[in-house]
Each structure stands twice: as structure tokens, then as C-alpha cells.
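Read the structure below first, then the notes.
The values are calculated or read from the model by the stated rules, or taken from the named source; none is laboratory data. Treat the numbers as computed from the prediction; the structure is a model and nothing was measured. Cβ placement follows ideal geometry from the backbone for every residue including glycine, while neighbour counts extend to all protein chains displayed.
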Amino acid sequence: MSNTPPTPETARFLEVNDNSWIIHHLIVTRYQSKPSQPCWPDGEGALFSIDDAPTPTPPTRPPSHVCPISDAGNNFPASLTWKIGLAHLRIDFNNLGTSEHVTLEALAKRSLGFQIPQVYYHKYLGKSYSIVFSDLPGNPLIKAWPTANQAARTRWTQQIAEAYHELSKWRGDRICAVDGGNLQCFWLSSTTPSVPGSYNPEVLRANCEEMGLDCSELVFAHNYMMPLSFTVDEVQGLVGICRWEMAGFLPKDWIRTMTRANSFTQSWQAVKSSWSESDINDFGDKIESALKDKGFKEFWLNNCRWREEKRRRQEQEEANRLQPPTV
């Protein structure tokens, strides 16, 4: 197998046969009985497993129309996610901080009022990081929201705010991931594209201070507000929270600031295709109100100004770089 790190452009998705598929450097296989490799249910009585793709690569074909693996549709420029049975496989191609399985292991040791995913598999290859995590019970909020009544919508958003408040009781002494490592928060990076130094605690603190955020109160935050992050049902309301790859200790003021700036993030494409404008506005308004009621402050305008200044600095640096040297 090649040790060349994957990228979104080079990631392969090919079919070996009716029960095996290659996704870049990995092979996913469907079994009728439990294999020795890490595995998870397909939802129809069989199991999926995952392992390193064999070398040489076996003969392959394009995925057939009955292929059980699908694009999860919540991709970033540096990551891809697939739905495989009752789990998701995500490959991050530029992993510069603490990995999600570390955060989930730490969260599993705490008493939480909601469920989190189970990790079935993780692997590093150069800068890339692959993780398979379980689906959460309940209905994805992104599917439930358009047909929900106002009472259900209010309940869900209030429960999300309560979950964020619950997490914020866990305190830290610097801006970092759960294990003290770098926190890969794209929205707090002052460099594009990100580099290894973009996310160290001192750099992130300086960026937060430039925004005028109070850095004396650092709390644990999910840091990934979007409809794809939550599952709900009619009995419990909020059931589970997923997408913990950017969770960590942050200024408390950042939580609502981030949500106010963008409460949809990676779910935006799916939201645009299935929600009305009224649905979209209602979600943003209700989340904003619920977080405010829990005592979270927002510095959205400061964040906008900081991002604009960051853009100007980068443009000036690029212009200086391209300017021919004086003779």
C-alpha cells in the first residue's frame, strides 16, 4: 500500500465486488458473521468491517447502483464523510489537532444528559486521520425540523442550549483540546490554509483577545453548531450530539459568538435543499434565544471585524510576496 497521504482530490472510492469497497487507503467489507477486524452493523443483519487496503490493489469497478455506501453530504474542503450502514467513515486530510476519538473517549467517562457516538475504528496516515463512529439513535434534526411544530422546535433548541451549558461547567486553563493538545478550530485560525502552528494555545488565545473575547473563563464547548450535529425524538426531545472534532476548551464568549456567526456550517447545502427560508430563520432565532437565556454572550460584530482584518492582512502579505524585488 502506498504511504502517500490522501487528499480530497485523490481519495478513491471503488467497488471490488458486491461486498467489498476501497475508500482511498482502506477497504470496507460486508460480512454475514462477525469478522476479526473492527466491525459495526449494517442495519440489515450483516456487519461491515474496515482494514488497510491490500497491495497490490485488486481489480475494481465503479460503485454499482446498489452500493450500500453513500456520500454523507457534510464535507469540508479538507475532509470527506461516507455513510456506511449504521455508522459514518470520515477522512480528515489535514489533521492538525487532537483527534476526535480522543475527545469521545474523554466524554464517555463523564455523566452527560445526551448520547455521543461510539468509535469503531481510527487510523493515522501522514497528516490524514480516519475515524468510523456510530450513528446516534433518534431522527437527525435536519430531517425533523421542517415538519416539527413550534413547541417541538422550542424544546429542542432549549435542550441544545442546556447541553452546551452543561458542557461549559467543565473548565480548562488554556485554549486547547480535551487532552491539552492543539484545538483545530478552523474559525479561530488567522491563517488560510491552516498550518501546524495555526492552532497552538497561544495563537488561539491571541486571536480571541484580538476579537475582544474574555479569555479568563475557558469552558468546554462542542464547537460545532449545525442541524447535522443533533438527533431528536418525540419522547426525549434531544437524544444525541455528534461531530466532536473541534470540541475543546474555549472562551465562554466564543460559544454564542460562533453560533451567531454561523449556525449551519457544514449542513448548509443540505439545509438549502430541504428547508424553507422560514425554517432556516426560525432555527437561527431559536438557537440564539436559547443560548442567550443560558447566559451566553455574543461578540458577533467583533468576530466579523476580526475576520475582515484577517482577510486584509492575508491579501497584503500575498501582494508583498508577489511584488518583484527592487534593484
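Summary table below
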| item | result |
| --- | --- |
| Odd one out for GLN150 among (1) in the same structural domain as CYS39 (by TED's automatic domain parsing); (2) out of contact with any Lys or Arg (no Cβ under 7 Å at 6 or more places or on another chain) | (1) |
| Every residue from the range 186-201 that is in a loop (DSSP other than H, G, I, E, B) and surrounded by fewer than 16 Cβ atoms within 10 Å (Cβ to Cβ) | THR191, THR192, PRO193, VAL195 |
| Pairs with Cβ under 9 Å, 6+ apart, first in the range 177-189 and more than 17 Å from TYR224 (Cβ to Cβ), second modelled with pLDDT of 95 or more and assigned to a loop (DSSP other than H, G, I, E, B) | ASP179/THR98; GLY180/THR98; GLY180/ARG174; GLY181/THR98; GLY181/SER99 |
| Residue identified as crowded, with 22+ Cβ neighbours inside 10 Å and in a loop (DSSP other than H, G, I, E, B) among LEU204, LEU136, LEU183 | LEU183 |
| Number of the condition not met by CYS176 [criteria: (1) closer than 19 Å to LYS252 by Cα; (2) loosely packed, with under 15 Cβ neighbours inside 10 Å] | (2) |
| Enumeration of residues in the range 31-45 that are among the hydroxyl-bearing types (Ser, Thr, Tyr) and either outside any loop (DSSP other than H, G, I, E, B) or touching a Lys or Arg at 6+ places or on another chain (Cβ under 7 Å) (or both) | TYR31 |
| Residue list for the range 239-297, filter: in contact with a His (Cβ under 7 Å, 6 or more places away or on another chain) and either in a helix (DSSP H, G or I) or among the charged types (D, E, K, R) (or both) | LYS294 |
| Pairs with Cβ under 6 Å, 6+ apart, first in the range 198-218 and at positive phi, second outside any loop (DSSP other than H, G, I, E, B) and surrounded by fewer than 17 Cβ atoms within 10 Å (Cβ to Cβ) | GLY212/ASN302 |
| Every residue from the range 114-133 that is touching a residue at least 60 places away in the same chain (Cβ under 8 Å), surrounded by fewer than 17 Cβ atoms within 10 Å (Cβ to Cβ) and not basic (Lys, Arg) | GLY126 |
| Matching residues in the range 46-62 - criterion: being in a loop (DSSP other than H, G, I, E, B) and either β-branched (Val, Ile, Thr) or more than 26 Å from the chain's Cα centre (by Cα) (or both) | ALA46, PRO54, THR55, PRO56, THR57, PRO58, PRO59, THR60, PRO62 |
| Contacts under 6 angstrom Cβ, first residue in the range 259-288 being modelled with pLDDT of 85 or more and surrounded by 13 or more Cβ atoms within 10 Å (Cβ to Cβ), partner of a type in the set (Ser, Thr, Tyr) and outside any helix (DSSP H, G or I), 6 or more apart | GLY284/SER263; ILE287/SER263 |
| Which numbered condition SER216 misses (of (1) more than 20 Å from the chain's Cα centre (by Cα); (2) within 27 Å of PRO146 (Cβ to Cβ); (3) polar (S, T, N, Q)) | (2) |
| Strands (runs of 3 or more DSSP E) contained in the range 65-106 and holding at least 1 residues of a type in the set (Lys, Arg) | 79-84, 87-92 |
